[in-house]
Structure formats: structure tokens, C-alpha cells
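The values are calculated or read from the model by the stated rules, or taken from the named source; none is laboratory data. Computed from a predicted structure; not experimentally measured. Here the Cβ positions follow ideal geometry from the backbone for every residue, glycine too, while neighbour counts run over all protein chains shown. For accessibility, only protein heavy atoms count, side chains too; no ligands or nucleic acids. Shrake-Rupley method; radii C 1.70, N 1.55, O 1.52, S 1.80 Å.
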Amino acid sequence: MRPQRVSPRIVLPRALSSTRMALVACSALLAASAAHAGGSLQDATDLRQKRFGSQRSLEEHLAQFVEQDAAFDSERRRSDMAPYMRAVYDGLYYLLSNELRTQFLGLSSDALRGEWLRRYWVLRDPTPTTPRNEYREEHERRVRLARARFPAPGPPGWDDRGVFMILYGPPQAERDVLADVREANGYLPERKLWYYDDGLIVPFQTRIPGGEVWTFGLTAQWSSSRSDLREDAKAGYADLVLGYGARPILYNADRPKLYEVDPAQGVQMALLQARASEVFEQRIERIVLPGPPRSRLWFVFDNDAFAAAADTRTRMETHVQVSLADLEFELRSERHVARLGIEGVLFDAKLREAARDAYQETLTADALETTRTQRLVPGQLTFEVRPGTYRLAVRVVDLTSLAEGAYTTDVDVPSFEGPQLRLSDIELATKIVPPDGRRTRFEKTGRVVVPNPIGAYQDTDALTAYFEIYGLVR
């Protein structure tokens with residue numbers, strides 16, 4: 001027989017309006033229930049605290065998979081892989097930390113590396129609730145461009161322009177500067193400048209006139225045949241870089257600086273290379289997804305777990321709130337209408353989809369002023385899964401403006417099996433009322449529980465919470 005379930009409701013006066021007081025009240029009620037049932041208070045209170053999501057790093061997530069490979073060898077190298085996997089690794093190299101590279105190379109087969117890649121891209125998907133992985137598509141497009149447009153002999157198959165193509169994408173503009181010979185500088189190689197819309201300027205040069213292989217940076221200030229000018233140029237360049245980094249320029253009146261010998265050339269070289277060198281050396285990524293940019297839609301959410309109808313499963317509810325003022329309303333038939341989409345996916349320990357929920361909602365207002373208020377619109381996703389650790393992805397979209405917000409986190413789904421006394425999560429609510437016959441996602445155990453994940457209440461409001469107790473015996 002399934003243990004009896006009761007669903008108490010707590011309403012505290014405003015003098016006690018705090019989450020802590022709600023937990024105290026729940027504990028007191030639970031203690032009385034435990035005494036009645038003859039169960040253990042400790043058993044019943046183990047799960048009373050909310051399990052907020054945690055954030056594990058990519059390395060931690062993928063290490064769990066790597067640890068299952070009994071033949072893993074951290075000494076393996078690129079040459080141990082098949083050619084097609086080497087090509088994949090070459091493009092991915094710039095995105096990986098040292099630990100991730102060791103994980104990937106050390107796996108004992110290309111089949112395992114393929115599975116590692118699948119999990120890697122699931123974890124990096126900017127919109128994991130949708131079928132497409134735009135980030136992976138953009139990365140693979142950039143690698144194809146690097147290989148086709150900037151070929152170079154030997155691995156990885158492209159020159160330094162290909163590195164920036166993979167990290168930062170195609171430039172918005174380019175400029176070619178022909179080779180030249182200048183007094184005090186000597187020979188200046190042919191140069192290219194890439195311009196990006198965030199202000200980044202990337203210089204490249206080739207030492208051979210008309211050469212096809214280009215290297216990052218400008219080293220021409222050191223190519224003079226005069227040793228005194230070469231040393232002064234190096235010192236001047238270093239001083240300029242320090243000054244560009246918001247530190248005082250180290251000035252020595254007795255030593256000529258590069259910008260004194262050739263001001264335009266010295267300043268250009270120092271400033272151009274400062275930020276671009278950081279991108280190149282630290283492998284800083286910049287991903288701009290295809291299509292028009294979308295605005296950010298802010299939302300808050302939390303998770304609460306309850307026993308499901310099936311004894312071996314748990315019902316996890318993800319509660320969401322969005323500000324009415326952040327949505328775009330359209331005037332239709334003398335009413336203001338907004339459309340909201342909410343979707344979520346739970347991924348299991350293998351990062352495969354375990355459960356999904358999604359719906360769309362239409363919001364209406366009679367007055368324009370109403371649409372500009374900060375009133376919070378509630379939403380709820382429901383998943384029934386077996387207990388365990390999952391990765392939750394939540395996405396909220398304004399279907400009119402296409403503004404969206406997305407968030408991923410790790411969640412622990414508890415078990416409510418067994419005859420012992422147990423307590424569900426405590427769900428904070430704006431109100432708990434009897435059902436009025438209309439279909440709603442917020443109904444459970446004969447009550448409509450409107451969630452309040454932000455946990456904010458006005459002074460005049462009572463703090464309202466909902467929870468369930470399992471294992472009581474009549």
C-alpha cells in the first residue's frame with residue numbers, strides 16, 4: 001500500500017514573513033506528525049531544505065565519463081588518433097583547457113572520443129532545449145573557413161589567421177598594407193589588419209613579399225640593421241604596452257623611444273598588439289550566433305520535488321517568474337496581448353534527454369498601464385523522473401519580441417520511496433486557493449498553488465507555502 005499523503009498549507013502573518021519562519025513552522029508541524037506516526041523526525045526532515053542547483057565545470061562533468069575508461073592513458077598524443085579525429089581535435093584545440101585536452105587525447109578509442117565530443121557540445125549548447133546546437137554549428141563553420149581560406153603546410157592546416165577565424169570569427173573589415181622600407185626601421189613586411197565590431201584590431205604579417213603564410217603580430221620595429229635603434233625600439237615598445245595597460249609609461253629621458261624615432265609606427269604597433277595578443281595567447285572565444293541579435297529576457301526560477309504517482313519516480317517542478325514590464329504587448333481588438341513560451345529539458349547522467357516539458361501562454365491586459373508594471377507572471381514546468389542527478393535547462397521566450405533567457409544547472413532529484421516519514425520540498429507561493437474549474441498547471445492535491453520562486457512578499461502579504469508529507473499512518 002502506498003503511504004498516505006497529506007498536503008498542509010502554511011499561512012504566516014506578516015510579522016513572521018520570512019522563509020526561515022516558514023521552515024520553522026514546517027518543522028513544528030512535522031514534529032507533531034512524526035510523534036503521531038511513530039516515525040523518526042530525522043528521517044522526515046532530511047529533505048526539507050531546498051536543493052538549489054550547483055554548477056560543475058566542463059572538466060568535472062566530462063571527467064565522470066573519462067573515469068569509466070579503464071584503458072585511459074594521459075600520455076597519449078595527437079598521433080595516436082585516426083586522421084579524421086586529428087582534424088576534429090585541431091579545430092577544437094583552441095577551445096579546450098589543458099585538462100580537457102588530456103581527457104580527449106587519453107581516451108582509448110576514437111569511439112570514446114566521439115562520445116566525449118557529443119557530451120562536450122551538449123554542455124556548451126547555448127539553447128539546449130532546442131534541437132539545434134548553434135554553438136557547435138558556428139564552430140565547425142569557422143574551422144571549415146580556416147582550412148579553406150588560410151591553408152598552411154603541416155598541422156593544423158592553417159596559419160595564424162585561421163586561429164583568429166576559429167576564436168573570433170570572420171572580421172567585419174580588412175586592410176592590406178604593402179611592404180615598405182623606412183629610415184630607422186628598415187624593412188617593413190607586408191601586413192594585414194583585421195577589424196572587428198567590438199574594437200579589436202588584429203595585425204598579421206608575412207616576411208616574404210607575396211607570401212601565403214601569415215603570422216600574428218608586428219615585429220618590424222626590431223628589423224633595423226642598426227643595433228642601437230633595435231634595442232631602443234624594443235624598450236620603447238615595452239613601455240608603450242605597459243602604458244596601454246593602465247600603468248604609467250616608464251619614461252627615461254636619456255634613452256630614445258620608438259615613438260620618438262618613428263611615432264606613428266611605434267604607437268600603432270604597441271596598441272594594435274596589446275589586446276590582440278591577449279586574445280591569441282589566452283585563447284579568448286567570441287561567438288556571435290547567426291541571425292539578428294536577440295534581447296535578454298530576465299527571469300527567476302527554482303525547483304521543488306514531490307512524490308509522483310509512480311512509486312519509483314519523483315515529480316520535479318520548475319517554477320518560473322517573468323516581469324510583465326519586460327514583455328512586448330500588441331494591441332489586438334482593443335486589448336493588449338503578449339505571448340510567452342516556457343520550455344525545459346532534464347538531461348540524465350549520460351547527458352541524454354530524460355524528460356521535457358514546454359508550453360505557450362497568452363497574456364492579456366485591458367489598459368496599457370498594466371503592461372508596464374513590475375507584476376511577476378508565474379510559470380511551471382513539470383518532470384517525472386527517477387531519483388538521481390540531472391542537468392536542467394530552462395528557456396523563456398517572448399514570442400513577440402523574440403527576447404529570450406536561458407539557464408542550465410545541475411539538480412539533485414530525491415527519492416520519496418519507502419514507508420518512513422518524509423517531507424517534500426517547501427514551495428513558496430503567492431497564494432493557495434481551491435480550483436475554479438479552469439485548467440491550470442498549478443493544480444495539485446485539490447489546490448491551486450501559484451508559485452513564488454523569487455520569495456519576495458510585500459509587508460501586507462502573508463507568507464504562503466505548500467509541502468507534502470509522506471508516510472503518515474492513520
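Tabulated values for the structure
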quantity	calculated
Binned Cα-Cα distance frequencies in the stretch 318-389 - 5 Å width, integer %	3, 14, 22, 16, 13, 10, 8, 7, 4, 2, 0
Centre separation in Å (Cα based) which lies between the stretch 411-444 and the stretch 131-200	55
FRET efficiency, Leu289 to Thr312 (Cβ-Cβ, R0 41 Å, nearest 0.05)	0.55
Hits among aspartates and glutamates - C-alpha to C-alpha of Lys431 under 14 Å, sequence gap 8 or more where chains match	Glu443, Asp461
Extension gain, Arg386 back to Ser333 (0.36 nm per residue minus Cα-Cα distance, nm)	14.4 nm
Chain lengthening between Glu137 and Asp348 when straightened (0.36 nm per residue, less Cα-Cα)	73.6 nm
Simple spin-label estimate for Ser97 and Ala274 in nanometres, 7 Å along Cα-Cβ	2.9
Surface accessible to a 1.4 Å probe, per residue, for the residues of the stretch 316-408, Å²	46
Point-to-point label distance, Arg78-Val177, nm (Cα→Cβ direction, 7 Å offset)	3.0
